[in-house]
Each structure stands twice: as structure tokens, then as C-alpha cells.
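Below: the structure, in C-alpha cells.
Here, each number is a calculation from the coordinates, and none is a lab measurement. Note that this is a predicted model, so its numbers are computed, not measured. Cβ: placed from backbone, ideal geometry, glycine included. Neighbour counts: every protein chain shown.
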Amino acid sequence: MKRFILLSLFYIFTIIVSAFALDVLYTFIYSNLQPRSSFQILRSYKNKYVNYIFVGNSRVKNHIIPSIIESKTNRKALNFGCDGITTRD
């Protein structure tokens, strides 16, 4: 019985240490990669200030031009519009 308890504690300890190590590794990799999504791009703007963020479908992407907004209002703007994904009914 003593051997069973020691082996169980060893496995529990190993699982906890492995989970912690994998979490630290995943967080390091996730925070240091090139941004691939809108959310990751926003996370990479740590010390930058953005006044306007446009999020939406392809109409937002194709019709809102941030450079025009920046020139008219003197404020920073980003366009995160994306092409629509078609779904089958």
C-alpha cells in the first residue's frame, strides 16, 4: 500500500510539473510569434494608442480607408475587416 501511495504521488507531481512547464512554454511561444490574427495584432500594440478600430465583414475591409480617416481627424485608425466566409445551408 505504501508503494502505491508513493507511486501515485510521484505521478501526480509529474503531471503538475509537466502541466506548468507546458503552460510556460506555450505562453512564451504564443507571445513571441508574429501576429496572425486581429487579436494578436492588437496585443502587439502594447505601448501604442489607437483611436478607431473597424471590425467587420468585407464591406468594412473594402470601403473604410484608415489613411483618409487619419488625415481628416488626426487620429490613429485600423481596419480589421475580413473577407466573408461562405457557409453551406
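Taking 0.36 nm per residue of separation and subtracting the current Cα-Cα distance, fully stretching the chain between Val60 and Asn47 would add 2.1 nm. For the chain, relative contact order (Cα pairs under 8 Å, six or more residues apart, normalised by length) works out to 24 percent.
Under unit Cβ charges (Lys, Arg +1; Asp, Glu -1), what dipole magnitude, rounded to 20 debye, does the chain have relative to its Cα centre?
Numbers: 12 positive and 4 negative charges, 37 e Å.
Charge dipole, the chain, about its Cα centre: 180 debye, nearest 20.
With a simple spin-label model that places each label point 7 Å from the Cα along the Cα-to-Cβ direction, the separation between Ser37 and Ile16 comes to 3.1 nm.
Near Ile29, within a Cβ-to-Cβ distance under 13 Å, what is the net charge of the other residues, with Lys and Arg +1 and Asp and Glu -1? Provide the component values of the computation, followed by the final result.
Numbers: positive: Arg36; negative: Asp23.
So the environment of Ile29 carries a net charge of 0.
Report D for the stretch 18-88 in µm² per second (integer): Stokes-Einstein, Kirkwood Rh on Cα pairs, 4 °C, 1.567 mPa s.
The Stokes-Einstein estimate is 89 µm²/s.
Summing -39500 (n - 2.57) over the DSSP H runs of n ≥ 4 in the chain and dividing by its residue number, what mean residue ellipticity at 222 nm do you reach, to the nearest 500 deg cm²/dmol? Please report the intermediate quantities before stating the final value.
Details: 4 runs with 52 residues, N = 89.
Counting only the DSSP helices, I get -18500 deg cm²/dmol.
First select every other residue whose beta carbon is under 12 angstrom from the beta carbon of Lys76; then total the charges, Lys and Arg +1, Asp and Glu -1. Charge balance in the 12 Å sphere: +1.
Close amide H pairs (under 5 Å, H built 1.01 Å from N) link Phe54 with Leu78, Asn79, Phe80, residues at least 5 positions away or on another chain.
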